[in-house]
Structures are given as structure tokens and as C-alpha cells.
Amino acid sequence: MSDMSAGKKGSVIFSGFRALGLYSNHLAHVLRFHKKHREFYVLTAVGQCFHTYNVKKLGIVAVSNALPEDISSLAADRMLVYAAFGKLISAFAKNKEVVHTYTGHQADVHLLLPFGDHLISVDKDNVVIIWDVESEDTYLQISYDKASFEVSALMHPSTYLNKILFGSSQGSLQLWNIKSNKLLFTFPGWASAVTVLQQTPAVDVVGVGLASGQIIIHNIRFDETLMKFQQDWGPVTALSFRTDGHPIMASGSPIGHIGLWDLEEKKFVTQMRNAHTTAIAGLTFLQNEPLLITNGADNAIRVWIFDVAGGDGRLLRQRTGHSAPPTKIQHHDQSSLNILSAGQDGTLQSFSTVHERFNKSLGHGTLNKTRAKKKGVRNDTAKLPAITTFASETARQSDWDGIIACHRGFLVTTTWNYQRGSIGAHKLEPERFNKNRSLNVHATAVDITSCGNFAVIALSSGHIDVYNMQSGFHRGHYGKDKAHAGAVRGLSVDALNQLTVSVGADRLLKIWRFRSKELLHTHSLPAAPASSLLHRDSGMLAIALDDFTIHILDMETRRTVRRFSGHRGQINDMTFSPDGRWLITASMDCTIRTWDLPSGSLVDCFLVDAAAVSLSMSPTGNFLASSHVDGLGIYLWSNNTLCSLVSLRPLPADYEPTVIMLPGTCPSRDTEEEEVLDADSSEMAEYISPAQLDEHLITLSLLPDSRWKNLLHLDIIKKKNKPKEPPKLPKAAPFFIPTIPGLVPQFALPSTPSEDQSKIVNLGVLAQKSTFYLQLENALDSNSYEEPVKLLRELGPSAIETELRALSPDMGGDVRVMQSFLKMISSILQSKRDFDLAQAYLALFLKLHLRFIADQPELMEEAESVSAHLEETWMSMQMLLNQNICLLSYIKSALL
């Protein structure tokens, strides 16, 4: 049952939380105005969901529920947001929940236009369907011949009731009345495909963007072209018009430039070059405001303000992520609030787990920072390639650079300053190669000491060099000539700057003294290593090998203490939990596995759609961050063990993991399924311990010490607690239901006198027998002592003493009942349960009745039997205790 529920749940430890660094894709954004808030909101599609941001601060307001497929078109009206995916269209309310789904298209939908109470959609088969929004019914369907009129754009001309203007890939335009289903007029076009149709601030006038780069301002009422503009950067991707009193039109291009045109003077005003690094997906001027919003496939949303002379816009605010997938991510400081990320786009960025406003971009790597500022990133000839790996330390980051990075195929390593948010002062390069770039030597691994003063850099040639982070000076190298015969694959320095450990392609692990550079130890590996990771606090070194296994080496004993196998692909990255108990690994087999170091077993495993490239566990242990193949974002997984009871069990060798959708891309499930899954997971997590683990083990009662420990000293305790004055009765005592004295509260039921009760007084009633006494009498015949023991467990110390005193003949008891009590102690010892209670009850019984037992031969015989059982049980227990004490003392004193 537990295996099944674990399989359903996917991961016991981690559950998807959210995605960071995802802002936009190739679809145009949608602008909405909220009347009640008096505020503009911008919506951008991100894969299978869309994000909503307020324009005022570009803060994220909502993330929609994910759809089963990537969104292919996005549109919105006053109440709903429409998203097309595949052949379906969904309508979202409150920017989150799906309230309508429109089915009927036979091909993928690629254009949407809300139109009052209707929605117009166009699919790839050139079928136009007009839907009734509320009823989800088809109001009208129009089919075009793809060869003569393939719909590529559509719009509703302002003040044209029930009219829709369609643009085609053939260049012609058609104006339809969709209420009467009539074609009103056909515009011949301009011999180029229509890419954009946009309403101008003037009635009857429409802006038409063409694939040839032409922009036509056309009056559709009189079929008259008012003006033409030519854009030299390729097809027009977007158009927008200012409405704040300036006759300016903005046009987008496929190479990221924006052109600004003056409609009064009919001329080109200025250009905003490199507004995005990819095509301009969408651009929109805010109503009556000098603000332009743009987005592109480079994962960026930017707001430009036009408040400077010359009509050019300056960047007001932006939200940018990586425009190419991240290669390496790592938490920067102990607060777990910032994640450093290096991407294939060559940038180093910091993402905040709290709010987007704390994000920062450290820029693009360059050999000449001054020249890069003058020429711009695109035209910088000294631009460095993408960062492959980096190391960061916060100890001295306010004094000098605290980040060092390796670049793909480059010998030079660069330093970066986190606080200034830019590339640092030093370009570290060993002098032994005399800057000879033809040697094909590059940096492979780096590490920074915990004090932040030194950087250790490993090269593909086998050299390892040490540099001072403040001055950038070379401070020595390891080995006489080389540290390794092959490329160095992993490098780490311990927490106290005592040891440096390196692994190389020569299948050797070497431990060096950090200061003297002396080789202390060499360890042979069974296969070539791929990477290594040191957990500084515990001194555990994880080494990923090329045979897909992981070895854990203890730096103290310098021995391999764990070997993990199970991955079926190259191991991309590893990360330790803060306490060093877990090692989390990601592989090209698309699994993320969690290994428990103390038990040496796999405790969690799940699959993801795209293989994880890099992992980082937060220093506080609350989140696991991951980046994936072809994914621009960083995904956060919350650690369930911090907020709920999670039962971790070793997974079997044939365990088949299940696929978990990435955070922010998981479609919303039915509530019934969620309830079933929750029930399964709770059953798995809850473990009910049996009363006795094994019949050979001695089990204690787990009762509080106060119930049995002070039974022998009750007379002393009573003497201490003796009241100084008698209790005073209250003047007006309230009504209470009488209760029976004891630890378990019970009400005393009133005895109802029977009608035929005899009036003759029975003197034997005066010496009433207790429940415990009667149960002991019955146990002599049945030989079952479970009920008397259960009753004694519920009694307090004083009640237990009273019951044991009442067993003697002087107090109305009987020798046979005392014998039964001794047999009860024997049965407890034989069952090896409640061992502590048996000792305490027997000690009190002997204290009260020792002289009487000595005079009774049948009691002496039973007492000798109890003594034999007691001695046998204690001898086995003492032997086990001595063995454990001996083993612990050996472990503490022996030099392993």
C-alpha cells in the first residue's frame, strides 16, 4: 500500500512550489484596465500558463492554472482572459480559474479576438468560428479557401457595429458583418502578406503592417491610403499608436528594434535599437500615457517612458530572465533568498525567492568592460562565451569580488561583484601559457575559500592554480609541474583552509595541504570522475563517476564510505542538504534522486519531463532549486519534511518513479482525485508502532515515572504532603456528579435499590472486595492475567498501595489471591512486556508482605519461581547492555 501511494504521489520529500525567472515568450502580451482599481495590468504567456503583472511596478499579481499544452494565442476582454491551446480554447476568470472551454475546431487555433459577448477564433485550417461566450455555443462558422484567402490577422474597427476586418497572407483584406454573415467589402491589398492590423486613434483609419516591412495607414471607409512607411528590418511584428496628444506610431521588428514614426509630418522620427534581443512580440502604448510596454521571446517585459527631448523612449522598468537556458544555479548566501544563475546567453543573474524587485542582472561577461559599455553587448568583440561553472562566497563580498566563473572553452576566469551587480576587476590567467590561445586549454573547475580571500582554479591541462581575490595575484600551484595527468574535473577547499581535494580524468583523487601545496594522499577511483562536491560542514565529498555511480569519501578518514548506483545517464549536478544527511542528484535519465547518507539508501526518486541541468538546495533546507534542459526558468520545490510528518523508507531496486510536472506547469486536477491522493499519502506517512516489536525483546510500559517509580517511598511522600490544617467545607458547595477516585475519570453511577431487597443486614458486605481483587481470583481459574495488569496500569500510586495492602488476610484478603498476584508478576516477566512495572509492583508487594510470605510455604514456592524468571530476564538484558557499552566505548576510543 505504501509503495502504491508513493508511486501515485511521485515524490515523498519534494512538491512543486513555483517558477522563477519566467516572464514572456514569443506571444504578444495583452493589456487590461481594471475599472475598480483604476490600474493597467499586462498579461504574458509563459508555456502552459499566463502571468498577470501590474504596470505600475511590474509586480506579479496572479499566475493562472496551467493548461495541458502550451498556449498558442492569448486575448482578453473586460471580464475574461482567453487562451488557446491545441484545438481548444479556455476562458479564465480572475486571471486564474478556467470557467469556459470551447471545443469545435479541427485544427490548432492561432488567432483570438474578443468581440462583445462573442469570441472569434481562427485555426490553421482557415476556419473562423464565432462563439457565444456564456453558452459556449457556435454562433457562426466561416470557412475560407486557404489558397485564395488565408487569415493572418483580424480586428474590430472602432464604431463599426458587428464588423470585423480580416487580413490574409495573400495581402487582401475583407470586411465582414458577422451578425448577418455577409462580406461587405474586399480590399485588394499591397501585394504582401498582412501581419498586423491595428486601430489608429482616428475613426475609420487602420494601421496595416506587412511582411515586406511596409506600414500602411489606410482609411477603410473610403478605401484610401493616407500614408505609407517602409521599415528596413523585415516584417512588421507589432504596431501601436500614442494617445496622449503626440501623433507617434511605434512598429516592432524581428530583430528587436522599434521604429517611431511621426504621423503628422509623415516621417521617421527615431529608432530604439536592441529594445529586445529577439523579435518584438508585442508593443502597446498605454491609453493617454507616455508609456510603451514591450515584450519578446527573450523572456523580458519592458516599460519605456517618453519624457525626453527628441521623442526617444528611455527604459523605465523591466522584468528580465535568461534568454537562453541556465547552465548552473547556486544559492548565494545563507539566507536562501537569492539564487545565482549563469545562462547560455552569457549573463550571470540573481533571482530573489521573495519578490521580483530584488532580482538583479550582473551583466554579460567581457574582457574589456569599458569598450563593452561604449559599443553595447551586441557589438562587443571582446564578449565572453557562456559561464560553465562558478563559485561564490559572501565573507568579503563588501570589500572585493566574491564570485569567480569559468567560461566555455576559455582559459581566462573572471571575477564578479555581487553588491555592485557587475563583472569584477580581475581576469585571472596563468602566465605559463604566455597567452597562447592555440593551446586549447580552458578552465574546468573553480572554488573560493570560506574566508573569501583565495580562488582555486583548475584547468583542462591538469594544472591547479591559487589566486588572491583582492589583488588578483598568482599565489602558487599544486604539484611540481601538474596536479593531474589529465583534465581536472572537480575541485574543493575545506572549511578551515587546511586541505584542497581535486579529482582528475586520470582516475585519481588527490588531497593537498592548502598552504604548503604538499600532496598528502592519493586515492584511486574505479572510473573517470565527472564532477565532485564537498559538504564543508561534515567533510563528505561526493564524486560522480562516468559509469553513473556516486562515491562518498570521508575527508577525515580518507576512505570511501558510501557507493550509490541507480542512475542510467550522465550525472549533471549534485547538492547536499544543509545537515549533510541527504545527497540530491540529477541525471540525464530525467530523474532527481535523494540518497540518505546515514542509511546508505535511496529514499526518494521522481521523474521530470526535461532532464535537470543543475540543482541547489537552500542553506535553510526549505527549497530545492532546479534548472532544466531547454527551460528558461528556475523551479522551486518545497521540502515537505519541514512542515509535515514524512515517513522515509528505502526504495526497492526495481522502483519505477513517476513523472512530476514542473512547478507552475501542472494542470489543475479534480478535487476528488486530490482527496484520494491526500488520503493515500497520509496512510503512508502514519506509522503505528505495535505494542511489542518482538517477543524476544524486553518492552517497557512507557508510563510516566510518577506512576511507578515512587511506589517504595509513598510513606515519605505522604508525610511530606501531610496537610497542616483540615480542609474547610465551602459555604455553598455547587452540585457535582460524584466520581470514582483514580487516574482515569469515571462517574459513580447511583445504585438503584431493588424492590425485593432483603431487610436482613449481611455483615460480609462491610468488607467489600475490589475489582482488582475479584479479577485476581478469576485469574486463578482462567490463568489469564491481562485484565488485572490493565487495571493496575490505570491506577495511581496511592491506589496501587491500597490494593496491594488489601491482599493480605489481615485486611480481608486471602493467601490464594496473594499467590495469584505472584503468578501475575511471573506472567508479565514471561511476556517480557511492562518490565519496569513488574519490578515496581513486586518491590512494593515484598515490602508490604515479606514476613507473611516467609511463613507461608505455597507463597515461598511461588516467590522462588518469580525469582528464577526475574534472574533469567535480567541476565539476558544485562548481557545486551554490556555488549552495547563495550561497542560504544570501542567506537569512541578506537582510531579508525
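The values are calculated or read from the model by the stated rules, or taken from the named source; none is laboratory data. Nothing here was measured: the structure is a model prediction, and the numbers come from that model. Every residue, glycine among them, receives a Cβ derived from its backbone with ideal geometry; neighbour counts consider all protein chains shown. For the accessible areas, the whole protein counts, side chains as well, though only heavy atoms, and no ligand, DNA or RNA atoms are used. Shrake-Rupley method; radii C 1.70, N 1.55, O 1.52, S 1.80 Å.
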Of all residues in the stretch 209-239 being touching a Lys or Arg at 6+ places or on another chain (Cβ under 8 Å) and surrounded by fewer than 19 Cβ atoms within 10 Å (Cβ to Cβ), the one that is farthest from PRO254 (Cα to Cα): MET227
If you check every pair at least six apart or on different chains, which have Cβ atoms under 6 Å apart with a residue in the stretch 694-716 that is in contact (Cβ under 8 Å) with a residue 24 or more places away in the chain first and a residue that is open to solvent by less than 70 Å² (accessible area, probe 1.4 Å) and outside any helix (DSSP H, G or I) second? ILE698/LYS832; THR699/GLN692; SER701/ASP834
Quick check on my filter: what residues within the stretch 360-394 are at pLDDT 90 or above, charged (D, E, K, R) and not in a loop (DSSP other than H, G, I, E, B)? LYS360
Under 30 Å from CYS49 (Cα atoms), hydroxyl-bearing (Ser, Thr, Tyr) and not in a loop (DSSP other than H, G, I, E, B), is that true of SER135? no
Residues that are farther than 17 Å from PHE772 by Cα, of a type in the set (Asp, Glu) and touching a residue at least 12 places away in the same chain (Cβ under 8 Å): which helices (runs of 4 or more DSSP H) entirely in the stretch 796-896 hold 3 or more of them? none
Of the residues ARG489, ARG515, which is over 21 Å from GLU556 (Cα atoms), assigned by the TED database to the domain that holds LEU348 and either in a strand (DSSP E or B) or of a type outside the set (Phe, Trp, Tyr) (or both)? ARG489
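Only one residue in GLY569, GLY580 is assigned to a loop (DSSP other than H, G, I, E, B) and in contact with a Leu (Cβ under 8 Å, 6 or more places away or on another chain). Which one?
Being assigned to a loop (DSSP other than H, G, I, E, B) and in contact with a Leu (Cβ under 8 Å, 6 or more places away or on another chain) holds for just one of GLY569, GLY580, which is GLY580.
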Among the residues of the stretch 812-831, is there at least one that is open to solvent by 10 Å² or more (accessible area, probe 1.4 Å), over 17 Å from LEU776 (Cα atoms), out of contact with any strand residue (DSSP E or B) (no Cβ under 7 Å at 6 or more places or on another chain) and basic (Lys, Arg)? no
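For the stretch 533-554, give me the residue count where each residue is in a strand (DSSP E or B) and of a type in the set (Asp, Glu). It would help to see each step written out before you state the result.
Residues of the stretch 533-554 in a strand (DSSP E or B): 533-535, 540-545, 550-554.
Still in the running and of a type in the set (Asp, Glu): 554.
Total satisfying the criteria: 1.
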Of all residues in the stretch 74-86 being touching a Leu at 6+ places or on another chain (Cβ under 7 Å) and under 30 Å from HIS355 (Cβ atoms), which is surrounded by the most Cβ atoms within 10 Å (Cβ to Cβ)? ALA83
Among the numbered criteria (1) touching a residue at least 24 places away in the same chain (Cβ under 8 Å); (2) surrounded by fewer than 19 Cβ atoms within 10 Å (Cβ to Cβ), which single criterion is violated by ILE301? (2)
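Matching residues to (1) in contact with a His (Cβ under 6 Å, 6 or more places away or on another chain); (2) surrounded by fewer than 18 Cβ atoms within 10 Å (Cβ to Cβ):
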residue	(1), (2)
ALA386	no, no
PHE390	no, no
SER398	no, yes
ILE404	no, no
ARG408	no, yes
LEU411	yes, no
ARG420	no, yes
ILE423	no, no
For the stretch 326-340, enumerate the residues that are part of a strand (DSSP E or B) and either in contact (Cβ under 8 Å) with a residue 24 or more places away in the chain or assigned by the TED database to the domain that holds LEU632 (or both). PRO326, THR327, LYS328, ILE329, GLN330, HIS331, ILE339, LEU340
Looking only at the stretch 173-184, decide whether some residue is basic (Lys, Arg) and closer than 27 Å to SER240 by Cβ. no
Conditions (1) open to solvent by less than 10 Å² (accessible area, probe 1.4 Å); (2) of a type in the set (A, V, I, L, M, F, W, C); (3) in a strand (DSSP E or B): number failed by ALA275: (3)
Just name the residue that is farthest from ILE464 (Cα to Cα) out of those in the stretch 404-438 that are of a type in the set (Gly, Ala, Ser) and outside any strand (DSSP E or B). GLY421
Just checking, which of THR585, THR557, THR594 is out of contact with any helix residue (DSSP H, G or I) (no Cβ under 6 Å at 6 or more places or on another chain), assigned to a loop (DSSP other than H, G, I, E, B) and not acidic (Asp, Glu)? THR557
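Check SER516, SER502, SER492, SER450 and return the single one that is farther than 28 Å from ASN368 by Cα and touching a Lys or Arg at 6+ places or on another chain (Cβ under 6 Å).
Result of the check over SER516, SER502, SER492, SER450: SER502.
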Does ALA425 meet the test of being in the same structural domain as ARG513 (by the TED database), of a type in the set (Gly, Ala, Ser) and under 15 Å from ALA391 (Cα atoms)? no
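I'd like to verify a number: residues in the stretch 156-169 that are touching a strand residue (DSSP E or B) at 6+ places or on another chain (Cβ under 9 Å) and open to solvent by 20 Å² or more (accessible area, probe 1.4 Å), how many?
Final tally of qualifying residues: 7.
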Taking the stretch 495-507 and keeping residues farther than 19 Å from ASN572 by Cβ and open to solvent by less than 50 Å² (accessible area, probe 1.4 Å) leaves ALA495, ASN497, LEU499, THR500, VAL501, SER502, GLY504, ASP506
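Out of the stretch 282-297, which residues are closer than 26 Å to GLY47 by Cβ and either assigned to a strand (DSSP E or B) or without any contact (Cβ under 8 Å) to a residue 60 or more places away in the chain (or both)? Spell out the reasoning first.
We begin by selecting, within the stretch 282-297, every residue closer than 26 Å to GLY47 by Cβ; these are 282-284, 292-297.
GLY282, LEU283, THR284, LEU292, ILE293, THR294, ASN295, GLY296, listed by residue number.
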Only unsatisfied item for THR186, checking (1) free of Cβ contacts under 8 Å to residues at least 24 places away in the same chain; (2) open to solvent by less than 20 Å² (accessible area, probe 1.4 Å); (3) among the β-branched types (Val, Ile, Thr), is (2)
Note on the stretch 852-896: residues closer than 23 Å to HIS696 by Cα and among the basic types (Lys, Arg) are none
